[in-house]
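A.B. asks: Provided herewith is a single structure, encoded as structure tokens, for subsequent inquiry.
Here, each number is a calculation from the coordinates, and none is a lab measurement. Values in this document were obtained by computation on a predicted structure and should not be read as measured data. With ideal geometry, Cβ positions are generated from the backbone for all residues, glycine too; neighbour counts draw on all protein chains shown.
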Amino acid sequence: MILLTPDLRYALRANAISSVAAQARDMRFDPVPVVKFFNPLGAGTWLATELYSDADTMFGLADLGFGCPEMGTFSLMEIQSVRLPFGLGIERDLDFSTPHPLSRWSDMARQTGSIIHAEQLLRGLAPDTVPDLPADPIP
């Protein structure tokens, strides 16, 4: 599977350029994720908002399935090089789209422990709606 189409690359690069411009003006830049990658055999999930000029380094939210999603950079080439059983690799969610900015995804993923659980809560909510979080099972 081609992980980044030319349109996705363009959108990710545009966000990277906008991020640099916002930083230069001391402004906040909080784009919505452009693309979602996932491990079809595990919990690994990545949401990317930017692609740097080296055409490899991406910025976004990464969740390797250990309960602590983090914002930062990751390598497109490393994601593309992952070889899973049955000839599978990391895939792109072809139906992914969201109205929610990366900061909201990050907050929800940290509260729920995963991007997957955050997606379940954010799906269908308006960007300014606050979802009800499940009660913490540990007192």
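A.B. asks: So if we plug the beta-carbon distance of residue 91 and residue 27 into 1/(1 + (r/R0)^6) with R0 = 35 Å, what FRET efficiency do we get, rounded to 0.05?
C.D. replies: So the FRET efficiency works out to roughly 0.55.
A.B. asks: To continue, here is another question. 222 nm [θ] for the chain, helices only, -39500 (n - 2.57) per DSSP H run of 4+, per residue, to 500? Could you put the intermediate results ahead of the total?
C.D. replies: Working: 4 runs with 44 residues, N = 139.
The per-residue figure over the chain is -9500 deg cm²/dmol.
A.B. asks: Whole angstrom only: what separates the Cα centroid of region 1-61 from the Cα centroid of region 62-82?
C.D. replies: Between the Cα centre of region 1-61 and that of region 62-82, the gap is 12 Å.
A.B. asks: Which of the trypsin sites (Lys or Arg not before Pro) across region 1-88 are loop residues per DSSP, with 12 or fewer other Cβ within 10 Å? Walk me through the intermediate numbers first.
C.D. replies: On the way: sites: 9, 13, 25, 28, 36, 83; in loops: 25, 28, 83.
Here the sparse-neighbourhood loop sites are 25, 28, 83.
A.B. asks: Moving on. If you place +1 on the Cβ of every Lys and Arg, -1 on the Cβ of every Asp and Glu, and leave all else neutral, what size is the dipole of region 6-122 about its Cα centre, to the nearest 20 Debye?
C.D. replies: 80
A.B. asks: So what's the net charge close to residue 69: Lys and Arg +1, Asp and Glu -1, counting the other residues with Cβ under 14 Å from its Cβ?
C.D. replies: Residues near residue 69 contribute -1 overall.
A.B. asks: In percent, what relative contact order does region 6-122 have, based on Cα pairs under 8 Å that are 6 or more apart in sequence? Working shown, then result.
C.D. replies: On the way: 201 pairs, mean separation 28.5, N = 117.
It rounds to 24 percent for region 6-122.
A.B. asks: Zone of residue 64 (label point 7 Å along Cα→Cβ, backbone N under 16 Å): which residues in region 11-43?
C.D. replies: 38-39, 42-43
A.B. asks: Ranking 114, 103, 97 by Cβ neighbours within 10 Å, fewest first, what do you get?
C.D. replies: So the ranking, lowest neighbour count to highest, is 97, 103, 114.
A.B. asks: Please arrange 86, 37, 59, 96 by counting, for each residue, the other beta carbons lying within 10 Å of its beta carbon, fewest first. Present the calculation step by step, with values, prior to reporting the outcome.
C.D. replies: Numbers: 86 6, 37 26, 59 21, 96 14.
Taking fewest neighbouring Cβ atoms as first place, the list is 86, 96, 59, 37.
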